[in-house]
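A short worksheet on the structure shown next.
The values are calculated or read from the model by the stated rules, or taken from the named source; none is laboratory data. This is a predicted model, so every value here is computed, not measured. Cβ atoms come from the backbone with ideal geometry, glycine included; neighbour counts cover every protein chain shown.
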Amino acid sequence: MKKDAIVVSHLEKSFKVYPDKGSSLKEKLLFLKRNAYDRRQVLKDISFTVSPGEAVALIGRNGCGKSTLLKILTRIIYPDRGEVDIQGKVSSLIELGAGFHPDMTGRENIYVNASIFGLQKKKIDERLSDIIAFSGLEDYMDVPVRTYSSGMYARLAFAVAIHVSAQVLLIDEILAVGDAAFQRRCFAKMERLKREGATIVLVSHSMEDVVRLCPRAIWIDGGLVRMDGPAQTVIGAYLASAQEPGWGQGR
């Protein structure tokens, strides 16, 4: 029997939230010795599994904990309690331009970023032309990426991430900045990777994107899994909850 690609067991995560200590030098000095803080629990008890080759969406309103959960899966941050077990190589698109050096060219950043994902130089050499072609940035490969627009950042980041032969792909809203033609190309590529057996976890506020790519959705609400099931069913319940009194005030 195949092992699950992702196993998340009883995750909990909280952050320290410090009060506003002021912006002027006088205010900062007055509050210098005040170290009081509140602790905000973002994830309360999250458990689920994802099978190899499955595409799952994490949905929920802003602040519900879904992006924090994805960062834990990527090991950018670590949980206070609970465990995560991921089988296979992971490729992630969590923050736009993460891993890029602004003063390096697009071509140089391809090598740096792909090496972060574990590719050796020989493999990057072999895939360089495919990465550049997919990004559509042939005319901008030899200029510093600090001159790139947010859409160009997304193109380059996505082009690298999908060419590193990862078994697990984690994506957080990054495709929202691309143009329509590039988004179509991205989804076509992800659908192909899914057919080839890649496991995909997508965070998105676009219910259309969720339905298009993910047969299954997990609704995170107030740091808890409120619903996990077929995407259409979960989305219907999520959208219906938007009509509930106090929905925008948090749970």
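Quick notes on this one:
- Of residues in region 192-212 being part of a loop (DSSP other than H, G, I, E, B) and buried (at least 20 other Cβ atoms within 10 Å of the Cβ), the one modelled with the lowest pLDDT: SER204
Per-residue answers, yes or no, for (1) modelled with pLDDT of 65 or more; (2) in a loop (DSSP other than H, G, I, E, B); (3) under 18 Å from the mean Cα position of the chain (by Cα); (4) farther than 30 Å from ARG195 by Cβ:
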| position | (1), (2), (3), (4) |
| --- | --- |
| PHE15 | yes, no, no, yes |
| LYS26 | no, no, no, yes |
| ARG40 | yes, no, no, yes |
| LEU58 | yes, no, yes, no |
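- Just so you know, in region 88-132 the residues that are at pLDDT 95 or above and among the small types (Gly, Ala, Ser) include one that is nearest to ILE72 (Cα to Cα), and it is GLY106.
- If the condition is being part of a strand (DSSP E or B) and either crowded, with 21+ Cβ neighbours inside 10 Å or free of Cβ contacts under 8 Å to residues at least 60 places away in the same chain (or both), then region 213-224 contributes ALA217, ILE218, TRP219, ILE220.
- In region 107-123, the residues that are more than 23 Å from the chain's Cα centre (by Cα) and under 15 Å from PHE158 (Cα atoms): ARG107
- Of the strands (runs of 3 or more DSSP E) lying entirely inside region 79-191, those containing at least 3 residues that are buried (at least 19 other Cβ atoms within 10 Å of the Cβ) and not small (Gly, Ala, Ser) are 168-172.
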